[in-house]
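These notes are about the structure you will find just below.
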Amino acid sequence: MRRFISILTMDLRNLFKNPVLVGYNTAFAALMILILGYLCGGDYADGKTAYQYYTISLMIYGMLNGAMTASNCFMERDIKRPNLRIIYSPARNFEIYVSKIVSSFLFNYTLHSLLLIVLCPLLNVSLGRNPVFFMLLMAPVEFAAAALGIFFCCVFHCEETTSTLLSLAISILCFLGGTFFSLDGMGEVLAFATKLSPVKWLNEAFFILSCDNSLRLFWPVFISGTILSALMTLGCGLFFRTEDYI
Amino acid sequence: MDTIMTVNHLKKNFKEASVLKGISFYIRQGEVLCILGPNGAGKSTTINILTAALRSDGGEILFKGTKISKILRSYKQSIGIVPQDISLYEELSAEQNLRFFASLYGLYGNRLNKAVEEALTFAGLNDRRRDKVKTFSGGMKRRLNIACAIAHHPDLVIMDEPTVGIDPQSRNHILSSIKKLQSQGMTVIYTTHYMEEVEAISSRIIIMDHGSILAEGTKESLKEEIENEKKYIIEVEEHGGIGHDEFFAVEGVRSVKIDGNVIEITSLKGIENLDRIISLLSDHGEKIRNITSEAASLEMVFLKLTGRKLRD
């Protein structure tokens with residue numbers, strides 16, 4: 001356990017010392033929310049503003065992009081070489097990839113939570129009557145994204161390929177899911193396509209939680225995220241090969 | 001001395017290419033075993049398999065008489081590895097790197113503090129312990145790269161070309177450190193393509209090329225193989241048309257290599273034939289610019305075994 005804590009602490013330290021990752025998950029995300037919120041200004045339904053919409057939807061986008069933080073933490077060139085020493089050490093294989101998943105999850109979850117704590121009062125954004133549910137629902141989504149990033153690294157054995165594939169897939173799913181603007185009013189085909197994107201359902205779950213105080217989709221999303229996290233972590237165990245680090 | 005590791009018929013293929021062709025060797029406790037070979041000889045693949053990071057396609061490795069696959073974690077605990085690339089966290093200090101990597105081997109508290117102090121002293125980095133690695137010179141990083149591998153006092157240290165691209169001062173520091181490790185009873189496997197390093201530190205040498213072991217022995221025993229030979233290196237102003245056959249007609253000549261204006265002739269010792277070689281060149285109107293002769297060296301052994309120079 002001590003060895004695992006050591007590896008986890010080092011992984012966290014490396015992530016928090018990476019100015020690009022910290023900036024992307026805080027300043028860049030905040031800037032996107034402010035710009036899109038301002039450009040699409042005006043009140044939305046029920047007195048909610050564009051800031052409400054973009055804070056929630058871009059936060060989900062950020063959570064999913066946590067997959068790339070994980071792949072970076074796992075195989076980024078400068079990190080990969082010292083990580084090789086962990087491979088050489090008596091550490092068990094699962095300690096290595098589980099540590100990367102947990103550290104990426106903690107990193108993303110901490111930064112996204114801090115961002116919400118700062119932005120919500122500033123932009124008058126509501127996370128629902130009890131924000132704890134919102135924060136709780138973020139956890140399995142963040143964890144599943146981190147596990148997905150590591151799983152892709154284990155399958156494709158390369159950070160660049162993983163990042164390219166994930167970035168493309170997440171952008172398409174978020175576009176279809178209405179992260180940047182709603183596609184529902186753009187014809188039947190796009191309205192149908194939007195329903196196929198799991199991001200649509202994620203958005204739905206977080207929006208009804210924050211705007212309607214409804215827990216209708218809380219448990220389905222929470223359980224799905226947890227199951228996906230478990231499956232991806234198990235998948236890492238199947239595909240993880242120490243050779244990929246050499 | 002007891003045998004600490006035995007490698008039997010180790011094989012590795014990458015796609016269609018056979019990178020290791022069933023090599024076998026052993027290393028005794030307290031030895032410095034140098035694996036010598038040019039790029040692509042299979043040295044790093046051998047090392048990667050010995051570190052258990054890469055699977056072999058055949059053969060077995062015994063550590064203190066037991067297959068390493070059966071004692072993988074205790075085997076890893078007993079070895080220290082110096083990878084070819086510098087494997088350090090650049091944003092962390094020397095001390096933080098050492099502390100972290102040593103902790104992976106179960107060192108905590110006072111034992112960890114002591115191990116870190118010793119490793120810093122070993123690397124000669126006590127005064128830079130709190131500086132970030134990214135501020136270090138190449139030589140200092142290399143020294144720290146080695147210190148991270150020995151901080152937990154392994155029985156066997158495996159070093160994969162640890163002196164690549166460093167200044168002579170740091171190289172000397174590293175070589176003398178390895179001798180010190182040996183004097184403390186540590187066993188070292190050391191790959192390199194620098195002949196002078198092998199001359200300086202080896203207890204025994206393995207010469208590899210194209211995935212096979214070509215020769216194995218001490219410096220002295222390997223040199224014995226060519227002790228009955230000498231080599232002339234003759235530089236002419238402009239090499240004309242003397243063929244190899246004409247040199248072979250001179251008594252004692254064993255091999256001839258002509259490379260531009262440089263003619264390398266290997267001849268049997270005890271047969272004084274230099275005057276006849278010079279006459280032959282003069283007869284063909286060759287103007288000799290320089291003549292040197294070489295005694296038996298590992299470079300010559302390597303050339304004889306592989307037909308090419310180590311850094312070709």
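The figures follow:
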{"read-out": "Unmet requirement for B:Asp155, which otherwise passes all of (1) modelled with pLDDT under 90; (2) touching a helix residue (DSSP H, G or I) at 6+ places or on another chain (Cβ under 7 Å); (3) among the acidic types (Asp, Glu)", "value": "(1)"}
{"read-out": "Residue ID - modelled with the lowest pLDDT, chosen from residues in region A:1-13 that are out of contact with any Phe, Trp or Tyr (no Cβ under 7 Å at 6 or more places or on another chain) and in a helix (DSSP H, G or I)", "value": "A:Arg3"}
{"read-out": "Members of region A:183-209 found to be buried (at least 19 other Cβ atoms within 10 Å of the Cβ) and at pLDDT below 85, listed by number", "value": "A:Leu183, A:Thr194, A:Ser197, A:Val199, A:Lys200"}
{"read-out": "Some residue of region B:255-267 being part of a helix (DSSP H, G or I), modelled with pLDDT of 80 or more and surrounded by fewer than 17 Cβ atoms within 10 Å (Cβ to Cβ)", "value": "no"}
{"read-out": "Criterion (in contact with a strand residue (DSSP E or B) (Cβ under 9 Å, 6 or more places away or on another chain), assigned to a strand (DSSP E or B) and not assigned by TED's automatic domain parsing to the domain that holds B:Leu156) met by exactly one of B:Ile233, B:Ile213, B:Ile207", "value": "B:Ile233"}
{"read-out": "Condition check for B:Ile71: in the same structural domain as B:Lys180 (by TED's automatic domain parsing) and crowded, with 17+ Cβ neighbours inside 10 Å", "value": "no"}
{"read-out": "From A:Ser104, A:Ser99, residue being away from every other protein chain (no Cβ under 14 Å), hydroxyl-bearing (Ser, Thr, Tyr), crowded, with 19+ Cβ neighbours inside 10 Å and in contact (Cβ under 8 Å) with a residue 60 or more places away in the chain", "value": "A:Ser104"}
{"read-out": "Candidate set: region B:110-129, residues that are under 28 Å from A:Arg92 (Cβ atoms) and either away from chain A (no Cβ under 11 Å) or in contact (Cβ under 8 Å) with a residue 60 or more places away in the chain (or both); chosen: the one farthest from the chain's Cα centre (by Cα)", "value": "B:Asn110"}
{"read-out": "Qualifying residue in region A:64-82 (condition: crowded, with 23+ Cβ neighbours inside 10 Å, free of Cβ contacts under 8 Å to residues at least 60 places away in the same chain and within 14 Å of another protein chain (Cβ to nearest Cβ))", "value": "yes"}
{"read-out": "Extreme residue, farthest from B:Leu298 (Cα to Cα), among residues of region B:26-38 that are assigned to a loop (DSSP other than H, G, I, E, B) and more than 11 Å from the chain's Cα centre (by Cα)", "value": "B:Gln29"}
{"read-out": "Candidates B:Ile233, B:Ile158 - the one that is surrounded by 18 or more Cβ atoms within 10 Å (Cβ to Cβ) and hydrophobic (A, V, I, L, M, F, W, C)", "value": "B:Ile158"}
{"read-out": "Any hit, region A:136-153, residues being closer than 30 Å to B:Ser78 by Cα and buried (at least 19 other Cβ atoms within 10 Å of the Cβ)", "value": "yes"}
{"read-out": "Residue satisfying all of: in region B:53-109; part of a helix (DSSP H, G or I) and aliphatic (A, V, I, L, M); nearest to the other protein chains (Cβ to nearest Cβ) among these", "value": "B:Leu72"}
{"read-out": "Tabulated pairs, region A:1-19, first facing chain B (nearest Cβ under 9 Å), second assigned to a loop (DSSP other than H, G, I, E, B) and among the charged types (D, E, K, R), C-beta under 8 angstrom, 6+ apart or interchain", "value": "A:Asn14/B:Glu91; A:Lys17/B:Glu91"}
{"read-out": "Test: residue in region A:42-51 that is touching a Gly at 6+ places or on another chain (Cβ under 8 Å), free of Cβ contacts under 8 Å to residues at least 24 places away in the same chain and among the small types (Gly, Ala, Ser)", "value": "yes"}
{"read-out": "Residue count, region B:1-22 (criterion: more than 29 Å from A:Arg92 (Cβ to Cβ) and either of a type in the set (A, V, I, L, M, F, W, C) or assigned to a loop (DSSP other than H, G, I, E, B) (or both))", "value": "5"}
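The values are calculated or read from the model by the stated rules, or taken from the named source; none is laboratory data. From a predicted model like this one, the values you see are computed outputs, not experimental measurements. Every residue, glycine among them, receives a Cβ derived from its backbone with ideal geometry; neighbour counts consider all protein chains shown.
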